[in-house]
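Everything below concerns the one structure shown next.
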Amino acid sequence: MILDPEEWMDLRRFRALHRAGVSIGAIARETGHDWRTVRKYLTAEEAVPPAAPPRKGTQPRKIDPLAGVVDAWLRAGIGLKASVIHERLVDQYGFAGHYPRVKR
């Protein structure tokens, strides 16, 4: 189970209670977390917060390497439609993306 930063901070506050002799089970009941989760975060050597989930959109888009080509076609003033641009990208450059990616 990955805790959000707020829950993680709550568990860190209970570290002093644990050192004072309060059981992990009692802390788990108080926080509503499994005792294994409480033990994991209380016995950790460092105060390292849980890793944040990966952000959506961190991978490069398939159209990014060909953006310069598309820009050049659009600046040429030929008035190409998105469907024609997609067809050209597939035929000339082996573009593997879908039409809506080109349309955007």
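For the reader, a short list of remarks on this structure follows.
- Cross-chain or 6+ apart pairs with Cβ under 6 Å, region 37-63 first and within 22 Å of PHE14 (Cα to Cα), then aliphatic (A, V, I, L, M) and at pLDDT 70 or above: VAL38/ILE24; VAL38/ILE27; VAL38/ALA28; ARG39/ILE24
- Screening LYS62 on (1) at pLDDT 80 or above; (2) under 30 Å from GLU87 (Cα atoms); (3) among the basic types (Lys, Arg) shows it passes everything except condition (1).
- Applying a threshold of 7 Å to beta carbon distances and a minimum spacing of six or more residues, or different chains, the list of pairs starting in region 9-26 at a residue that is modelled with pLDDT of 80 or more and ending at one that is assigned to a helix (DSSP H, G or I) and charged (D, E, K, R) reads ILE24/ARG39.
The values are calculated or read from the model by the stated rules, or taken from the named source; none is laboratory data. Since the model is a prediction, treat every value here as computed from it, not as a measurement. Cβ coordinates were reconstructed from backbone atoms using ideal geometry, including for glycine residues, and neighbour counts include every protein chain displayed.
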